[in-house]
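The structure under discussion appears below in the form of C-alpha cells.
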Amino acid sequence: MKLSTASVGFLLMLFESIAVGAEDKEAPFRYEDKNIKLRIIAQAPEQMSGFYEGRGFSKQAIEAIRKACFITVLMTNNSNKMIWLDINRWRIVANDKPLERYKRDYWKAKFKERNIPLAQQSTFGWTLLPEVRDLYPNEPVGGNVTMVKTKASFTMEMRFQTGANKDGKEIVVKFDEVQCKQ
Amino acid sequence: MKRTCLFTLLLFIMFGFSQALAESIRLPKGIITLTPKPAPTLVLKNMDGEIFDLKKSRGHWVFVHFWASWCVPCRREIPTVEKAMVALANSSLEFVLINTAESEDTVFNFLGIVAPDLNPLLDEDGQVTELWQSRGLPSTYLVDPQGQQRYLALGGRPWDETEYMEFLKRLAQLK
C-alpha cells in the first residue's frame, strides 16, 4: 500500500483520472531530484467545472471558476530537511509581466458576493494549494494555483527556502512555456 | 493540607510520567510530535443525529480524523482506519471521524461501499475543519487524555499496518 507517497492531501479524483490520463499526450511539467519532486498540470475549464458541478456547486460558482486558469501543483519533499512552500515567492511571468494570481481572498470575496454556501467555499479551499507550508521530509502537498486566464504562454519559477530556519540552500525550479487550457 | 499537597504532587508526577512516556514512543513514518496545545472545539452531530463533544473525552486518547469522499488519499485511507478501529475496539482509544463539508447523502452513499461500519461526524459547512487548521485532507490528530493535540499524521497513513497499530496500542495504554 503506497499511502505515504500518494497521500497528497488535495489530490482530487479529477487529477488522477483526467490529468494523469492526459499526461501521455501532453507531457505535464515534471522535475525531480534528491530534494524535491514537482509536477504541474494545466486543467481545462471542463475538467474543473465537471469536478465542482459533481459536488453540487451552483451555476454562479462554476461561472467564476471557468473564468480562471487552474494549474495543479503536486510536490513532495524528497530531502531530509524542511522545505518551505510559499507561493508568494514564486514568479509567474507572461510577456515579461507578472501574471495576476487569484489568492484565497479573491475567491472568498467572489463566493461571498455570489452567496455561495460555506460548505462549497470550504471544499473549494481544500482544493487550492496552501499559500504557505513547512513541508516535512517525505511530506507531499498538492492543490491548485489559480490565476487570470491568458492565451500567452508563461513561466513559473518556483522558489523554496529550506531548513528549519529557512537558512539552507534555496531550491529553484523553473518551467517555461506553461499554458492555461482554454 | 498535607494530604492535598501529596495528592497534587502525585497528580503532577503521574502527568509528567505520562508526558515522558508519550515523548518516548517510537513514531511510525509520517507521524510527527506536536508542541502540546489544547485541541480546538469539536462539537458535531454524527449521522444518527447524536452530538459529540471532544471535551467529554478527557481521560483517554482520541484519534481525530478529517476526510472527504472526493479526496483520493482519504478514499485509500479510510478502510485502514476502519480496520484499526475494529481491532482496537476494546482499547481506550476513541476514534472520531469528521467528514468535511459534504452532505449526509454523499457520506452515506460513499461509506456504504467503502467502510459501512463507520458513523462519522458531519462538519456540514466545513467550519470545524477550518478551526482545526488541518494541513490538508486527510488529516489525523492524536489528542491526549488532557485534551492536548500531541501527534499529527502527515497525509494518509496505513493505520492497519503493524507499526501504526503498535503505536496506537501504546497510546491507548497511556493515561
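Details
- Heavy-atom accessible surface of the protein assembly as shown, averaged per residue, reaches 48 Å², computed with a 1.4 Å probe.
- Computed from the alpha carbon atoms alone, the convex hull of chain A holds 127 Å³ per residue.
- Alpha-carbon spread of region A:45-137, three principal axes, descending order, Å: 44, 33, 23
- For the protein assembly as shown, the fraction of 1.4 Å probe accessible surface lying on carbon and sulfur atoms is 52 percent.
- If the segment from A:V93 to A:N78 were pulled out straight at 0.36 nm per residue, it would be longer than the present Cα-Cα gap by 2.7 nm.
- Stretchable slack from B:T162 to B:D53, in nm (0.36 nm times residue separation minus alpha-carbon distance): 36.2 nm
- Between A:V132 and B:Q127, the FRET efficiency from the beta-carbon distance, with R0 = 25 Å, is close to 0.75.
- Given a 1.4 Å probe and the protein chains as shown, A:D176 ends up with an accessible area of around 80 Å².
- Under the span-like rule (Cα at least 27 Å along the axis, Kyte-Doolittle mean at least -0.5), DSSP H helices of chain B: B:2-24
- Loop-resident sites, region B:25-86, for GluC sites (Glu not before Pro), counting at most 12 other Cβ within 10 Å (DSSP): B:E50
- Inter-label distance, nm, simple model (7 Å from Cα along the C-beta direction), A:D33/A:E157: 1.6
- Backbone geometry of region A:32-44 corresponds, through the Karplus equation with coefficients 6.51, -1.76 and 1.60 at θ = phi - 60°, to 3J(HN,Hα) couplings of 8, 9, 5, 9, 8, 10, 9, 8, 10, 9, 7, 9, 6 Hz, x marking Gly and Pro.
- Within region B:132-155: backbone nitrogen closer than 17 Å to the B:R170 label point (7 Å, Cα to C-beta): B:142-145, B:150-154
- Bridge orientation summary for the protein assembly as shown: considering DSSP beta bridges with both residues in this region, about 85 percent are antiparallel.
- Contact-buried residues of region A:92-124, at a threshold of 20 Å² lost accessible area versus the chain by itself: A:L118, A:A119, A:S122, A:T123 (1.4 Å probe; DNA, RNA and ligands ignored).
- The simple Förster model, with R0 at 22 Å and r as the Cβ-Cβ distance, assigns A:Q60 and A:Q179 a FRET efficiency of 0.25.
- Measuring only protein heavy atoms, the 1.4 Å probe finds A:V178 accessible over about 0 Å².
- Förster radius 51 Å - calculated FRET efficiency between A:E100 and B:V114, Cβ distance, rounded to 0.05: 0.80
- Surface accessible to a 1.4 Å probe, B:E94 within the full protein complex, Å²: 50
- Calculation over all alpha carbon pairs of region B:2-173 in 10 angstrom steps from 0 returns a P(r) of 10, 39, 35, 12, 4, 1 percent.
- Solvent-accessible surface of protein heavy atoms, probed at 1.4 angstrom with all chains present, puts B:F108, B:F52, A:F29 in the order B:F108, A:F29, B:F52, largest first.
- Across region A:89-105, coupling constants 3J(HN,Hα) worked out from phi with the 6.51/-1.76/1.60 Karplus curve, θ = phi - 60°, read 8, 7, 10, 10, 10, 10, 6, 6, 10, x, 8, 5, 9, 8, 8, 4, 4 Hz, and Gly and Pro carry x.
The values are calculated or read from the model by the stated rules, or taken from the named source; none is laboratory data. Just so it is clear, the model here is predicted, and its values are computed rather than measured. Heads up, the Cβs are rebuilt from the backbone with ideal geometry, glycines too, and the neighbour counts pull from every protein chain shown. The area values use the complete protein model at the heavy-atom level, side chains included, leaving out ligands, DNA and RNA. Shrake-Rupley method; radii C 1.70, N 1.55, O 1.52, S 1.80 Å.
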